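The values are calculated or read from the model by the stated rules, or taken from the named source; none is laboratory data. This structure is a prediction, so every number in the text was calculated from the model and none was measured. Cβ sites come from the backbone with ideal geometry, for glycine too, and all protein chains shown count toward neighbours. For accessibility, only protein heavy atoms count, side chains too; no ligands or nucleic acids. Shrake-Rupley method; radii C 1.70, N 1.55, O 1.52, S 1.80 Å.
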Amino acid sequence: MIRQFFSWVAVGLLPAMGVLAQSFPAERIIAGASGDWNKDEAADLALLVAPENDDGNIGIYLYVTESDRGLLKLVASAPDKVWGNSKLDGFYGQDPAITALANGSIAVMSQNSTIGRNRWERTLTLAYRGGRFIVAGYTYHYYDTIDPDDTGTCDYNVVTGKLTRDEATRSEAPRTVSIEDWTDEIGSKACGFF
């Protein structure tokens, strides 16, 4: 139902957003969220889009409404960013999600909650700053279904450098990383997982 809704929405927007039609067909949209990313009181759009083939990861496409025309403009195109299931007949427990947060940020969640003994959930918090989308936060939680002592959480504020791993707090150097330049290795390394 939600896939049909976003396909309908995307098809309805195609004449207004030629860029969307050139980037990917509407049937590849797997999730979306609407909010006010740039705080201009106009609805903006964030999409998760399936890769062209099974070898890639899910892409994130972020739009803001042009205030003088009321049309959506592609601001960030980040293909191959989110691991997860992108098919209706894919594995349950590996579906990504995208959510508009009350403060105007965007949460992008990926997970593995069903396959193997190593289960995890990762959330990227995206924020619109200075005309571009940056990764403001990285949260990772993992646990082993066989070894109850093998569990942990890391919450990393990329912008301020504040990091909490399990119950220990420390600081990293503050960073500004665009969604296009982000890799999960940045968050994993800061959290000490590598």
Consider R170 carefully, then state whether it is in a strand (DSSP E or B), at pLDDT 95 or above and among the charged types (D, E, K, R). yes
Mind counting the residues in region 146-184 that are open to solvent by 40 Å² or more (accessible area, probe 1.4 Å) and more than 25 Å from I58 (Cβ to Cβ)? 19
Somewhere in region 53-65, is a residue of a type in the set (A, V, I, L, M, F, W, C), open to solvent by 60 Å² or more (accessible area, probe 1.4 Å) and touching a residue at least 40 places away in the same chain (Cβ under 8 Å)? no
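Check every one of the strands (runs of 3 or more DSSP E) wholly within region 50-136 and list those with 3 or more residues that are within 17 Å of D184 (Cα to Cα). Show your work before the answer.
Values: elements: 58-65, 72-82, 97-100, 106-112, 118-129.
Answer list for region 50-136: 58-65, 72-82, 106-112, 118-129.
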Working carefully through the options G70, G84, find the one that is at pLDDT below 95, closer than 26 Å to G104 by Cβ and open to solvent by 30 Å² or more (accessible area, probe 1.4 Å). G70
Neighbours by Cβ (under 7 Å, 6+ apart or cross-chain): first from region 130-147, under 23 Å from E167 (Cα atoms); second outside any strand (DSSP E or B) and of a type in the set (K, R): D144/R117; T145/R117; I146/R117
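Regarding R132, is this residue charged (D, E, K, R) and either buried (at least 16 other Cβ atoms within 10 Å of the Cβ) or in contact with a Cys (Cβ under 7 Å, 6 or more places away or on another chain) (or both)?
Spelling it out, it is not the case that R132 is charged (D, E, K, R) and either buried (at least 16 other Cβ atoms within 10 Å of the Cβ) or in contact with a Cys (Cβ under 7 Å, 6 or more places away or on another chain) (or both).
Yes or no: R117 of a type in the set (K, R) and in contact with a helix residue (DSSP H, G or I) (Cβ under 6 Å, 6 or more places away or on another chain)?
On the way: of a type in the set (K, R): yes; in contact with a helix residue (DSSP H, G or I) (Cβ under 6 Å, 6 or more places away or on another chain): no.
Considered against the rule, which asks whether it is of a type in the set (K, R) and in contact with a helix residue (DSSP H, G or I) (Cβ under 6 Å, 6 or more places away or on another chain), R117 comes out as no.
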